[in-house]
Amino acid sequence: MTDKVATPEELARLAYAASIRLLARRDHSIFELTQKLKKREHSDNAIDSAVQELLDANYLNEERYADLFAEQRMNQGYGPLVIRAKLSQRGIPGHLIQSAIRGLQVDWALQAEQVIHKRFNCEDISDPDQKVVAKIARFIQARGFVPSDAVRALKNARLNLEQ
């Protein structure tokens, strides 16, 4: 009995097929896809070949991935700092991250205000106690909003309660 050794082309086909299955579920960055294929023990050459073929066919597109990811995270109530960090972790280049965040064309203070209203009740929002204010500010900053947007958001949330 002889064991047949797969050719580089066959290995590339296997990596490509695995990539298509992964991309059928959701978009991936090149970095994410590469990591998942490595975990499945595909060779570097097979991965490189598959990734290039996917890029050429536009099945893998980091600009599209960054735009969709940023929009999804914004809709989930995350701010620009978290979005930037998560995209960076996924291997997206800085210029595409900037473009994706800029493309959202969102008022981040208003976005933070909406997050405050979803998370906190009216009593918490209007409470002047510094502990409560600090709790809200920490929450908003942990969601990835810059401190100035957090302060404006809380101020506007309070004003909107008075109206």
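The values are calculated or read from the model by the stated rules, or taken from the named source; none is laboratory data. Since this is a predicted model, take the numbers as computed values, not measurements. As a convention, Cβ positions derive from the backbone with ideal geometry for all residues, glycine included, and neighbour counts pool all protein chains shown.
Quick one: in region 143-163, which of the residues that are under 22 Å from the mean Cα position of the chain (by Cα) and on the phi < 0 side of the Ramachandran plot is surrounded by the most Cβ atoms within 10 Å (Cβ to Cβ)?
Among those that are under 22 Å from the mean Cα position of the chain (by Cα) and on the phi < 0 side of the Ramachandran plot, it is Phe145.
Within region 102-115, is there a residue that is surrounded by 15 or more Cβ atoms within 10 Å (Cβ to Cβ), within 30 Å of Ser19 (Cα to Cα) and in contact with an Asp or Glu (Cβ under 8 Å, 6 or more places away or on another chain)?
Looking for residues that are surrounded by 15 or more Cβ atoms within 10 Å (Cβ to Cβ), within 30 Å of Ser19 (Cα to Cα) and in contact with an Asp or Glu (Cβ under 8 Å, 6 or more places away or on another chain), one finds at least one in region 102-115, hence yes.
Identify, from the list Glu41, Glu32, Glu9, the residue that is touching a Lys or Arg at 6+ places or on another chain (Cβ under 6 Å) and surrounded by fewer than 20 Cβ atoms within 10 Å (Cβ to Cβ).
The conditions single out Glu32.
State all residues of region 57-79 that are of a type in the set (Ser, Thr, Tyr) and part of a helix (DSSP H, G or I); if no residue qualifies, say none.
The answer is Tyr65, and nothing else.
Pairs under 6 Å by beta carbon, first residue outside the structural domain of Phe120 (by TED's automatic domain parsing) in region 77-98, partner part of a helix (DSSP H, G or I) and of a type in the set (Gly, Ala, Ser), six or more apart or different chains?
Ile83/Ala70; Leu87/Ala66; Ile92/Ala66; Leu96/Ala66
Among the residues of region 64-80, are any under 30 Å from Ala6 (Cβ atoms) and either surrounded by fewer than 17 Cβ atoms within 10 Å (Cβ to Cβ) or in contact with a helix residue (DSSP H, G or I) (Cβ under 8 Å, 6 or more places away or on another chain) (or both)?
no
What number goes with the only condition from (1) assigned to a loop (DSSP other than H, G, I, E, B); (2) under 28 Å from Glu9 (Cβ atoms); (3) free of Cβ contacts under 8 Å to residues at least 40 places away in the same chain that Leu54 does not pass?
(1)
Look through region 4-51, keep the residues that are among the β-branched types (Val, Ile, Thr) and part of a loop (DSSP other than H, G, I, E, B), and return whichever of them is nearest to Ile92 (Cα to Cα).
Here the answer is Thr7.
Does region 129-142 contain any residue that is farther than 29 Å from His28 by Cβ, surrounded by 13 or more Cβ atoms within 10 Å (Cβ to Cβ) and of a type in the set (Asp, Glu)?
no
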